[in-house]
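The values are calculated or read from the model by the stated rules, or taken from the named source; none is laboratory data. Model, not experiment: these values are computed from the prediction. Counting neighbours? That spans all protein chains shown, and the Cβs are built from the backbone with ideal geometry, glycine included.
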């Protein structure tokens, strides 16, 4: 028995005749002629190698083989219809799961705003955040664990593509009652006089800060190193020392105990990028989330959340043109 020529048309015809026990009624349901339906059933029976229906002048009923075949066909069609519906919904960006790997500053500052908007626009999209140091962020993308990442520039990794979306300026952060908080102008060299809390050497912040500090001849009095932003914030709030944050890491201006100041004399900045694995395309759900991020950074009201970050929404088109051949939604809504 060969089934290579059996398709959905044959299976749906078989189920319709079985359900209606009538070729006339089944043909009307399928919107085809009765001769066409009869021919379709005959083709299926020919492929099966036996009769699926016992026919009389008064009624049609399943043969023993047809009776055994029917539940399998119904389950097969139900599964197929479910898959098609699910894929259609995802292609319409209505549902799906997106994994985003990002720096802790991005996870705690940018993504809550984006996820709030995404939940309203796409309530059936699930977002998983993988916040890590920069090496972990890149590894998640390269391994395929994450759909895309948001972090510092990945260098010349041949497995990755990226586009810059923001420039993040480093600023002093300290308690509101600290000596430096009262100064009109704070220089980088002023930091040497106070206990300094640093991020661990494997973080992108530290890797940007160390060579810059050395080039300026500044000797920081590092009394502690931490790996997580929450730990650093806790120490700052207790008055243990001062630190330097990229702008996206900064607390809100109305923070009860911490404040931040511009560092004069030289400017240290980092570039933030959307990063994805080279040669891959985004899922519909991932594309929808990227649209939500683009809307946030391209909207003046939303950008007020990050007043010291320079966003580059024009670069977003590079991602969309490379992946979906279209401009992001916010570009046409201005």
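Pairs, please: C-beta under 7 Å, at least 6 apart or cross-chain, first residue outside the structural domain of residue 247 (by TED's automatic domain parsing) and in segment 97-114, second in a strand (DSSP E or B) and surrounded by 24 or more Cβ atoms within 10 Å (Cβ to Cβ)?
That search, which allows pairs on different chains as well, returns nothing.
Give me a count of the residues in segment 249-270 that are farther than 16 Å from residue 171 by Cβ and modelled with pLDDT of 90 or more.
Let us first name the residues in segment 249-270 that are farther than 16 Å from residue 171 by Cβ, namely 254, 256-257.
Still in the list and also modelled with pLDDT of 90 or more: 256-257.
Total satisfying the criteria: 2.
All but one of (1) part of a helix (DSSP H, G or I); (2) crowded, with 19+ Cβ neighbours inside 10 Å; (3) modelled with pLDDT under 85 hold for residue 306; state the number of the condition that does not hold.
(1)
Which condition number in (1) surrounded by fewer than 16 Cβ atoms within 10 Å (Cβ to Cβ); (2) at pLDDT 90 or above; (3) within 15 Å of residue 169 (Cα to Cα) is the one that residue 231 fails?
The number of the failed condition is (3).
Restricting the search to segment 149-166, which residues are in a loop (DSSP other than H, G, I, E, B) and in contact (Cβ under 8 Å) with a residue 60 or more places away in the chain?
Hits for segment 149-166 are 153, 154, 158, 159.
Does segment 104-116 contain at least one residue that is touching a strand residue (DSSP E or B) at 6+ places or on another chain (Cβ under 6 Å) and in a strand (DSSP E or B)?
No, that holds for no residue.
Residue 146 - would you say it is touching a helix residue (DSSP H, G or I) at 6+ places or on another chain (Cβ under 9 Å), within 19 Å of residue 100 (Cα to Cα) and in a loop (DSSP other than H, G, I, E, B)?
Here the answer is yes, as residue 146 does meet what is asked.
Quick one: in segment 208-226, which of the residues that are surrounded by 16 or more Cβ atoms within 10 Å (Cβ to Cβ) and in contact (Cβ under 8 Å) with a residue 40 or more places away in the chain is nearest to residue 265 (Cα to Cα)?
Per the stated criteria, the residue is 212.
Name the residue that is surrounded by the most Cβ atoms within 10 Å (Cβ to Cβ), counting only residues in segment 33-63 that are touching a residue at least 12 places away in the same chain (Cβ under 8 Å) and part of a loop (DSSP other than H, G, I, E, B).
52
Can you tell me which residue among 163, 182 is under 22 Å from residue 134 (Cα atoms), assigned by TED's automatic domain parsing to the domain that holds residue 238 and surrounded by fewer than 20 Cβ atoms within 10 Å (Cβ to Cβ)?
The conditions single out 163.
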